[in-house]
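Notes follow once the structure below has been shown.
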Amino acid sequence: MNFILQLKLRNIDGVLERVLGVVRYRGYQILKLMANPSPDGKRMEVTLKVGSKSKSNHLPHHLKKLLDVEALEIYGEMTKVRFG
Amino acid sequence: MNGAQLIVKALEREGVDVVFGYPGGAIMPLYDALLDARFKHVLTRHEQGAAMAADGYARVMGKPGVCLATSGPGATNLVTGIANAFLDSIPMVIITGQVPSPMLGTDAFQEVDVLGITMPVVKHSFMPRKAAELGAAIREAFHIAKSGRPGPVLVDVPKDLMTAQVSHRLVADLPPQEASALDAIEVQHACSLLRDSRKPLIYAGGGIGLADAVDAFRRFVEKTRIPVVSTLKGLGSLPYDHELNLGMLGMHGLKAANTAVQNCDLLIVIGARLDDRATGKLAEFAPKARVIHIDIDPAEVDKLRQAHVGLVGELEPALEALAMTPSIPHWRKQCLDNKQRFTWDYNYPGTGIYAPRLLHNLSQQACDNVTIACDVGQHQMWVAQHYGFKQPRQHLTSGGLGTMGFGLPAAIGAQFAHPEDTVITVSGDGSIMMNIQELATLSRYQLPVKILLFDNQTLGLVRQWQELFFNKRFSSVDLSDNPDFCKVAESFGIPAIRVEHGAQEAEAVDALLNTEGPLFVHALIDPQENVWPLVPPGKSNTHMMEGVNS
């Protein structure tokens, strides 16, 4: 199952590394990644396309536990769910 | 003041009364400042010991434990202890010294990327970049460690920040984190499932104790009169001798508990994560049950078993919302009859020490202020099965990570937390060697910790699996060249006794409960003794082996 995540992050040391670590550990493959820091450098918007053989989609819950994830939206084939 | 003194002030402001650590180059300014601290610093003999002592302190106190280490090897030696706290949701604040800012990323002496190394096993971590940020970093670390689902938080401090001059500014209190409110529709749905259930069962997890929700949980049990099974970390949420307590479920669970799980039609999971050691083969776990899952962490609900209702939030209001009295006399009787039917048999055919019986007798004679800190292995399971806990904070056990070597340093932390209580480490001859250097810490601080070592001269649980599942091909489990443990203890200044006959079990129990000061009890047990029952790996909890030939 492939889906797209849009994340708004606090742009602090290692934030992208944390996000990517969770994606890997929870068994998802990164298919596409785009990261844009805000002009003032305090935020970062990240778009991630991920895939997994698993039918469950628990990744958003685990990402939302990262303290620097301020908002997260997930786009599946037919659905859109907003976290935060 | 300098940054190191600011860290000390910030720790004082958090109400810290003891920190555990080990000095080294990059953290020397902080160790200098510690000389003037209002709290105690405990020097362990290895950084892993410091992390696990902080963990043990936190488990007993219900507030963050603190540990310190220098950069490089000091920091990497903490990692197992940090992971241990993370897997068991223990609040902890870890402060590591780091090489000075200008040298970061240059492979400087004793430089490792501890922030990167620990990312998967911390709840959060920081590296402040300015000395003025240190106060806020410490405040935030404590706030994060103890709020919501607790966990370890690491603050990595470059050495130059500790020596830089800063003004001491008070950092504002952080607002308490609001738990998400319960979903009213889900609560209604849960009530409806409970009303319709004829065979409900409560599955009590470690979250009950962590959330300080033991009283609310007990009120819920008394109101609903639903039988209860516990996970390893849920033990003590209901007193062991409570009528409705069926005991621990899972791989080494009690038959009455596993049978109830397999037959229930509604499972109310409270503060638990449905760990594989508890569920056995997931596809066949509680096959007839609908599931209500109550947890503060939304990531746990539906993670392994789809819940019919997930209640995400604080346990206390959720339990209050579900409190009702279903009419389940037949089911309750069935569960309690099974509990009577499958009681333990302490008649042991041999003449040697029988660990389950010794632990049972210890439990029967111990006061309520006894804390047991376990290592990992057969003895850990025997403690879970045969020691009767009345509170979850009495039982310090490495549940998630299963860390050999946890018991002794955790006991040290627990004894500093509650100096008047009796703290007993139950260990094995494999585990004790993993952190045996902490006997020096016991001795230095004259802590009255008792050590009960079950010595079977083998890595017992691994040997048991090799016997049962690897055609008795015993690989690297022989520990018959162990040192003389009594002499080892005595060389650290700790009195020791050796017991090897069943008739000496009473002497051992008496010594553990009535000796002043530290004591090492070396109990020789049969290397062939196994932990029963046992659900083989990958099997359902209905497949309980009760002996080698079962």
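Could you list all residues from region A:2-60 that are in a loop (DSSP other than H, G, I, E, B), open to solvent by less than 60 Å² (accessible area, probe 1.4 Å), touching a Leu at 6+ places or on another chain (Cβ under 7 Å) and within 13 Å of chain B (Cβ to nearest Cβ)?
Matches in region A:2-60: A:Gly14 only.
Of the conditions (1) within 14 Å of chain B (Cβ to nearest Cβ); (2) at pLDDT below 95; (3) under 12 Å from the mean Cα position of the chain (by Cα), A:Leu66 satisfies every one except a single condition; which number is it?
(2)
Inspect region B:220-232 for any residue being open to solvent by 10 Å² or more (accessible area, probe 1.4 Å), over 17 Å from B:Ala323 (Cβ atoms), among the hydrophobic types (A, V, I, L, M, F, W, C) and at pLDDT 95 or above and give the result as yes or no.
Yes, region B:220-232 has at least one match.
Just one of (1) loosely packed, with under 14 Cβ neighbours inside 10 Å; (2) touching a residue at least 12 places away in the same chain (Cβ under 8 Å); (3) part of a helix (DSSP H, G or I) trips up B:Glu516, so point out which.
(3)
Which one of these does A:Asp68 not meet: (1) touching a strand residue (DSSP E or B) at 6+ places or on another chain (Cβ under 7 Å); (2) farther than 19 Å from B:Gly151 by Cβ?
Condition not satisfied by A:Asp68: (2).
Just name the residue that is most open to solvent (accessible area, probe 1.4 Å) out of those in region B:111-156 that are among the β-branched types (Val, Ile, Thr) and away from every other protein chain (no Cβ under 13 Å).
Once the filter is applied, the top-ranked residue is B:Val112.
Looking at B:Ala33, B:Ala85, B:Ala37, which is the one that is touching a residue at least 12 places away in the same chain (Cβ under 8 Å) and either within 17 Å of B:Ser125 (Cβ to Cβ) or crowded, with 24+ Cβ neighbours inside 10 Å (or both)?
B:Ala85
Given (1) assigned to a helix (DSSP H, G or I); (2) in contact (Cβ under 8 Å) with a residue 60 or more places away in the chain; (3) open to solvent by 10 Å² or more (accessible area, probe 1.4 Å), identify the lone condition not met by B:Met433.
(2)
Looking at B:Glu243 and the list (1) within 26 Å of the chain's Cα centre (by Cα); (2) under 28 Å from B:Leu68 (Cβ atoms); (3) in a loop (DSSP other than H, G, I, E, B), which single condition is not satisfied?
Result: B:Glu243 passes all but (2).
Select from region B:385-420 the residues that are open to solvent by less than 10 Å² (accessible area, probe 1.4 Å), in contact with a strand residue (DSSP E or B) (Cβ under 6 Å, 6 or more places away or on another chain) and hydrophobic (A, V, I, L, M, F, W, C) and write down the one among them that is farthest from B:Asn84 (Cα to Cα).
Restricting to residues being open to solvent by less than 10 Å² (accessible area, probe 1.4 Å), in contact with a strand residue (DSSP E or B) (Cβ under 6 Å, 6 or more places away or on another chain) and hydrophobic (A, V, I, L, M, F, W, C), the top hit is B:Phe389.
Tell me, please, whether a residue that is open to solvent by 10 Å² or more (accessible area, probe 1.4 Å) and touching a His at 6+ places or on another chain (Cβ under 8 Å) can be found in region B:281-296.
Yes, the conditions are met somewhere in region B:281-296.
Can you confirm whether region A:75-83 contains a residue that is open to solvent by less than 60 Å² (accessible area, probe 1.4 Å), out of contact with any Phe, Trp or Tyr (no Cβ under 8 Å at 6 or more places or on another chain), at pLDDT below 95 and of a type in the set (A, V, I, L, M, F, W, C)?
yes
Could you tell me whether any residue of region B:457-478 is closer than 25 Å to B:Tyr240 by Cα and surrounded by 24 or more Cβ atoms within 10 Å (Cβ to Cβ)?
No; the residues of region B:457-478 include none that is closer than 25 Å to B:Tyr240 by Cα and surrounded by 24 or more Cβ atoms within 10 Å (Cβ to Cβ).
The values are calculated or read from the model by the stated rules, or taken from the named source; none is laboratory data. Every value quoted in this text rests on a predicted model; they were computed, and no experiment measured them. Virtual Cβ from ideal backbone geometry, glycine too; neighbours counted across all protein chains shown. For accessibility, only protein heavy atoms count, side chains too; no ligands or nucleic acids. Shrake-Rupley method; radii C 1.70, N 1.55, O 1.52, S 1.80 Å.
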